[in-house]
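Below: one structure, written as structure tokens.
Nothing in this text is a laboratory measurement; each read-out follows from the coordinates by a stated rule. All values reported here derive from a predicted model rather than from experimental measurement. Virtual Cβ from ideal backbone geometry, glycine too; neighbours counted across all protein chains shown.
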Amino acid sequence: MYFDKVVDEKDMYFIEKNCGLQNPTVNNAPKPKTTYKGKTLEDILKELGLDQ
């Protein structure tokens, strides 16, 4: 992340590339969520006009 206090396409790219990853060094890590309030990351990116 770029810590410029603005969430933009660069930040969303970081989220997209890391979404769903788990830390392999943590025992019993929780399973990553694939939706939030019924929407997937793809849905959110599309709403923001950042889908590719």
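What the table shows:
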read-out: Unit charges on C-beta of K, R, D, E only; dipole of the chain, Debye; value: 320
read-out: Footprinting exposure proxy for F3, F14 (fewest neighbouring C-beta atoms within 10 Å first); value: F3, F14
read-out: Options T25, F3, I44, ranked by Cα towards positive dipole end of the chain, top entry (Cβ charges); value: T25
read-out: Entry for Cα extents along the principal axes in Å (calculated from the structure that is shown) out of (i) 36, 28, 18; (ii) 46, 19, 15; (iii) 51, 19, 17; value: (i)
read-out: All aspartates and glutamates inside 20 Å of K39 as judged from Cα atoms, apart from same-chain residues fewer than 8 positions distant; value: D8, E9, D11, E16, E47, D51
read-out: Cα-projected label distance for N23 with Y36, points at 7 Å along beta-carbon direction, nm; value: 1.9
read-out: Exposure rule at most 14 other beta-carbon atoms within 10 Å, DSSP loop trypsin sites (Lys or Arg not before Pro): the chain longest free segment; value: 6-32
read-out: MRE, 222 nm, helices only [DSSP H, n ≥ 4, -39500 (n - 2.57), over the chain, to nearest 500]; value: -9000 deg cm²/dmol
